[in-house]
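In what follows, a single structure is set out as structure tokens and then discussed.
No value in this document is a laboratory result; all are computed from the given coordinates. Treat the numbers as computed from the prediction; the structure is a model and nothing was measured. No Cβ is skipped: glycine too gets one built from the backbone with ideal geometry, and neighbour counts run over all protein chains shown.
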Amino acid sequence: MSVCEMCGKDTSLLTATIESVEMQVCNSCARYGKVKKEIVTRSFIRKKNQTKLDPNEEQEVIGNFSVIIRQEREKRKLSQEEFARFLNERETIVAKWEAGVLRPSLAVARRLQRKLKVRIVIASSGSDEMVIKKTPTIATLGDMVKIRKRR
């Protein structure tokens, strides 16, 4: 089971194009767009040159990721809109990444790393600080909405 990118429901997903963005959504959210196909659980085949990730090793997105993402876009001579389409992300998200306002999650950073063939995720240096780990959450549209409270 996976998490719907639109509502956050943990269920089986469909690939649907919603407002020109390909998303993995649940059955109820798929009605807002055009359904492409049902997602089947994928089995990943490890290539010979891939190294096995150590689950105890902590990883993080490098500090200058915004510069790297902008350089890759400019190297490909793409506008932010075309680059966002290439990455299968929203244009506003790519703009925020390039500005350094928003940092991609580890999962998204790994996907960008594979697609752009650049190094964005590194092993974090072991610090003596106490780190409180939260369960990873995926941002949904509901997280982006500002709710006004009436007084």
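Among the GluC sites (Glu not before Pro) in the range 1-32, those placed in a DSSP loop whose Cβ has at most 10 other Cβ atoms within 10 Å are Glu19.
Rg and Dmax over the alpha-carbon atoms of the range 53-125 stand at 12.2, 39 Å. Across the cross-link table entries Lys75/Lys96; Lys9/Lys36; Lys9/Lys117, which are compared at the Cα atoms, the separations over 29 Å belong to Lys9/Lys117.
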